[in-house]
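The values are calculated or read from the model by the stated rules, or taken from the named source; none is laboratory data. Because the structure is predicted, anything quoted here is derived from the model rather than measured. Glycine gets a Cβ as well: all are built from the backbone with ideal geometry, and neighbour counts include every protein chain shown.
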2 protein chains.
Amino acid sequence: MTAGFKEYADVYRKNLLEDVIPFWMKYSPDKEQGGYFTCLDRAGNVFDTDKFIWLQCREVWCFSMLYNKVEQQQEWLDMAIQGADFLRKHGRDKDGNWYFSLTRNGAPIIEAYNIFSDCFAAMAFGQLFQATGNPEYGQIATDTFFNILKRQGNPKGRFNKVFPGTRPLQNFALPMILCNLVLEIEPLLDKQLVEDTISHGIHTVMEVFYQQDTGLILENTTPEGQFSDSFDGRLINPGHGLEAMWFIMDLATRTNDQSLMHKAKDITLNILEYGWDEEHGGIFYFLDIKGAPPQQLEWDQKLWWVHIETIISLLKGYLHTGDPKCLEWFKKVHDYTWSRFPDPKYGEWFGYLNRQGQPLLPLKGGKWKGCFHVPRGLYQCWQTLEAIAAKYEVLSPQS
Amino acid sequence: MTAGFKEYADVYRKNLLEDVIPFWMKYSPDKEQGGYFTCLDRAGNVFDTDKFIWLQCREVWCFSMLYNKVEQQQEWLDMAIQGADFLRKHGRDKDGNWYFSLTRNGAPIIEAYNIFSDCFAAMAFGQLFQATGNPEYGQIATDTFFNILKRQGNPKGRFNKVFPGTRPLQNFALPMILCNLVLEIEPLLDKQLVEDTISHGIHTVMEVFYQQDTGLILENTTPEGQFSDSFDGRLINPGHGLEAMWFIMDLATRTNDQSLMHKAKDITLNILEYGWDEEHGGIFYFLDIKGAPPQQLEWDQKLWWVHIETIISLLKGYLHTGDPKCLEWFKKVHDYTWSRFPDPKYGEWFGYLNRQGQPLLPLKGGKWKGCFHVPRGLYQCWQTLEAIAAKYEVLSPQS
């Protein structure tokens, strides 16, 4: 069973370096106006020129990360800097909040209602600061991070449609992302703030949104962490919980917390068993914990990020705990994923499959899919598979 | 070809009076707290108790309309009044704007960001005023109507996320609904205001959003009625355009405008040819006019309201113009619809089918589907089929 980890690692590495990254290098840069095109059809042609801050930031992050962690290639750094310069000039409103989207030439289209724009901006400029040492990038990252902390009590500000007091709910996404973001920009932050943010994040994910009775993570709870029997309260987003588990595993690695590691691995397996589509394979996008019809019409679709994030958690879970169930599930999710998402004809991955596993949209990038989950996931899986090979093939080379 | 209109009329009438209306009468009233349950599973069981203003209003409208137009059944009137009383007590904020949703006992959950709540409230109270003569209901209808006119320049108010000035777009839904609403509450309005609203509505639908070059109706245009090459600007919602065409036909009937009638019939046929799924049958939910991937992940689904509204427009088009293409398409859409949406086992209709035509969600009612499109459509088709039978079977009884 342990044979082949190096071969698996090669699959992820080669897809990253010989297919996915060249695809974005070739089709994504807007050489005239700066920033990136992310709305790319199956063959890489631009079908829309709007610039979504989430995706601009995530692409800056991606090329900076490759430069920092894989190889100091000048073209990767140049690619990151050209996106960052566009963002630095056009991305923020007068209060330093990040817009949601811009026109091709940088005029704001959608206001700063979405705090995840800010999260991905902090990630991007933090990673680029590490690559360049340029203090302006570092300052943007820290300013943005503190602004997120300031806004986190009411992230949507005036755009919040929830009537105050009747049914206050807290959402999983921001605390989950903060668990990852704080490690991304750790060198820029005060040590105590890092520790406090991490322990608060772990507590929130593993004790507030995680529900012991079902072994699942809720997308929304009451402020006290209780279940709310409402559309939002019943919502399960298996991919979100599965992605969060490798963030938690990274935090557990950092402090060598084996109990936390095992808990995150168990939750990974549990969410996956719950979210797997026994009829057609793949992981559902949304489910209702009481089995009621979800309000999300896309509930049964199979999304790229859900599957690659799951593979990361399974591999990290296996690396750190050796649980053979992680390996069984890895092979199952790997096979499902690699036979459907990657597009050998034109490169990169399809993003959206229908329940049956056929492409629902032919795009390689759009309003929500950019140069992020696929390359980050390929990098994480490649590295983790190498580490597994080193750890387990040394122990039992013949098995 | 003309034989059988009476039989078709019977199908629609019987489904309305013996299946759909009894379903809502039985499962929908909240006898303890007032108003209606609309989140009903396949068998009619309540799976969520939230009260969505759109659907509360539409159900008041539906039972008032049946009372006014089909038969003065006291239980229908009682049903309408119990919903209206709940709405009158709990539905509005201090400025008279209608909330989006309430808890079971009437506490506001989602603020009044959605002007369509107000549109359906005006329809509901206008129709109930006609049924009862109660001036309080009439006053609520007119107050709400004038508030809509006041808000129509910026319907979302402070919740509007669009940055001012960069890419202002106007949306089709409100002018389209006003074309129907003004006839609904005509007895309550000044004659000149009715005429002005109608002629403005016809102009906006048929000359601004309708695009002569493609024969299609855009969901969003620039303020000057021009095409915007953006996700919103490229969006086609075939069901919206198809529904709007019978509103326009009703206005053309009112003024005996044959040229407008023919134009609305031609647009109906054109949108339908464009929106029909040649591979699996049925009408797509969303398309991109340039063939780019739409941002709506539910784009390929087949929705109940799209299909029943289309049948209304085809039948009205046939009644008033005699174009045999309306009849051909009627038979095709009728067959698709009746073999998939109605649920003979538990009653009422499925709302959401996947592209292949299988139920995507088992619900009979939810956050957006209530007691409205199915019964209104069944009533409209029944009446129109009777009128077709009277008109054409008299002319050529043997054919």
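Considering only the stretch B:269-279, I want to know if a residue exists there that is more than 25 Å from B:Met206 (Cα to Cα), crowded, with 23+ Cβ neighbours inside 10 Å and away from every other protein chain (no Cβ under 14 Å). No, there is no match, as no residue in the stretch B:269-279 is more than 25 Å from B:Met206 (Cα to Cα), crowded, with 23+ Cβ neighbours inside 10 Å and away from every other protein chain (no Cβ under 14 Å). When the stretch A:44-85 is filtered for residues that are outside any helix (DSSP H, G or I), within 13 Å of another protein chain (Cβ to nearest Cβ) and touching a Gly at 6+ places or on another chain (Cβ under 9 Å), the ones remaining, listed by number, are A:Phe47, A:Asp48, A:Lys51, A:Phe52.
Taking the criterion of being among the aromatic types (Phe, Trp, Tyr), more than 10 Å from every other protein chain (Cβ to nearest Cβ) and crowded, with 24+ Cβ neighbours inside 10 Å, the only residue of the stretch A:86-119 that qualifies is A:Trp98.
Restricting the stretch B:120-142 to residues that are among the small types (Gly, Ala, Ser) and in contact with a Gly (Cβ under 7 Å, 6 or more places away or on another chain), the residue that is farthest from the other protein chains (Cβ to nearest Cβ) is B:Ala141. Here B:Pro223 meets each of (1) outside any helix (DSSP H, G or I); (2) in contact (Cβ under 8 Å) with a residue 60 or more places away in the chain with one exception, condition (2).
Regarding the stretch A:225-248, can at least one residue be identified that is farther than 30 Å from A:Val162 by Cβ, touching a Phe, Trp or Tyr at 6+ places or on another chain (Cβ under 9 Å), surrounded by 22 or more Cβ atoms within 10 Å (Cβ to Cβ) and modelled with pLDDT of 95 or more?
No, the stretch A:225-248 has no match at all.
I'd like to know if the stretch B:150-162 contains one or more residues that are within 14 Å of chain A (Cβ to nearest Cβ), of a type in the set (Phe, Trp, Tyr), in a loop (DSSP other than H, G, I, E, B) and crowded, with 16+ Cβ neighbours inside 10 Å. No, there is no match, as no residue in the stretch B:150-162 is within 14 Å of chain A (Cβ to nearest Cβ), of a type in the set (Phe, Trp, Tyr), in a loop (DSSP other than H, G, I, E, B) and crowded, with 16+ Cβ neighbours inside 10 Å. Taking the criterion of being in contact with a Phe, Trp or Tyr (Cβ under 6 Å, 6 or more places away or on another chain) and within 14 Å of chain B (Cβ to nearest Cβ), the residues of the stretch A:301-332 that qualify are A:Gln301, A:Leu303, A:Trp304. The set of residues in the stretch B:71-93 being out of contact with any Phe, Trp or Tyr (no Cβ under 7 Å at 6 or more places or on another chain) and either closer than 14 Å to B:Lys364 by Cβ or not aromatic (Phe, Trp, Tyr) (or both) consists of B:Glu71, B:Gln72, B:Gln74, B:Glu75, B:Asp78, B:Ile81, B:Gln82, B:Asp85, B:Leu87, B:Arg88, B:Lys89, B:His90.
Scanning the stretch B:268-290 for residues that are closer than 22 Å to B:Arg340 by Cα, among the charged types (D, E, K, R) and in a loop (DSSP other than H, G, I, E, B) returns B:Asp277, B:Glu278, B:Glu279. Restricting attention to the stretch A:64-85 and to residues that are in contact (Cβ under 8 Å) with a residue 60 or more places away in the chain and closer than 18 Å to A:Leu181 by Cα, the residue that is surrounded by the fewest Cβ atoms within 10 Å (Cβ to Cβ) turns out to be A:Lys69.
In the condition set (1) of a type in the set (Lys, Arg); (2) within 30 Å of B:Glu195 (Cβ to Cβ); (3) more than 21 Å from the chain's Cα centre (by Cα), B:Arg234 is compliant with all but (2). Of all the listed residues (A:Thr166, A:Thr255), the sole one being within 14 Å of chain B (Cβ to nearest Cβ), surrounded by fewer than 18 Cβ atoms within 10 Å (Cβ to Cβ) and free of Cβ contacts under 8 Å to residues at least 60 places away in the same chain is A:Thr166.
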